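Worksheet: the structure to be examined is printed underneath.
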């Protein structure tokens, strides 16, 4: 990895930590520079504003989730493994970097309507990616017919709700963090697996 990418990553890591602890508005570019041990000019070389730093972090974290799911699909192309890993990956990354995960929770989004709209657009991109996985699974008859985008939002919403409880940091949260990945993966797959032959008919799929 080049020096420039390493420095940009360090800036984003420190910014994520400060955003999670202090909040978006209470964190200044100067504070980020001090935490990353770089000059204020160095930050502006990579990012034009605090908003750009924030959205670079969100984009990177969502891309990490997509890459993790794609790595599983490269080993096993089954729809079951893809759906299960969509549920698991969030918690695996939560164990690595809980503070950054806070920024992905919509409860932590800045109050600005413009910033919220931009963040929602990033979330929608990831939801559409999950919807494409569902469409592929339906085409291969590996999952039951469903509305792919609604189902994607439902799956991601379930994960986000449990994540919010895991971030509390108490004993119950630690227990949930250990149990949630497999519990939610199993729940998601049970909801989406094909009905047994001769079973009840599912609702016909509608387009997104």
Could you tell me the ratio Rg/Rh of region 102-157? Both radii from Cα atoms, Rh via Kirkwood.
1.11
Rounded to the nearest 10 degrees, the helix 171-192 long axis (Cα) sits at an angle to the longest Cα principal axis of the chain of 40 degrees
Helix 148-166: angle to the longest alpha-carbon principal axis of the chain, degrees 0 to 90, nearest 10?
60 degrees
Can you compute the helix-only [θ] at 222 nm over the chain? Use -39500 (n - 2.57) per DSSP H run of at least 4 residues, normalise by all residues, nearest 500 deg cm²/dmol.
-25000 deg cm²/dmol
Counting C-alpha atoms alone, how compact is region 1-48: give Rg to one decimal and Dmax as a whole number, in angstrom.
10.2, 32
Comparing 71, 114, 20, which has the greatest mean-square fluctuation in the GNM of the chain with Cα pairs linked when under 10 Å apart?
114
Most mobile of 33, 139, 164 in a GNM of the chain (Cα contacts under 10 Å):
139
Please state the equivalent ellipsoid semi-axes for region 62-149: what are the square roots of 5 times the Cα gyration tensor eigenvalues, largest first, in whole Å?
26, 17, 9
Could you work out the relative contact order of region 52-192, using alpha carbon pairs under 8 angstrom and six or more residues apart, expressed as a whole percent?
33 percent
If one takes the longest principal axis of the Cα atoms in the chain, at what angle in degrees, from 0 to 90 and to the nearest 10, does the Cα axis of helix 113-139 lie?
30 degrees
Comparing 75, 118, 37, which has the greatest mean-square fluctuation in the GNM of the chain with Cα pairs linked when under 10 Å apart?
75
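Rule-based calculations on the coordinates, nothing more; no lab input. Owing to the predicted nature of the structure, the values given are computational and were not obtained by experimental measurement.
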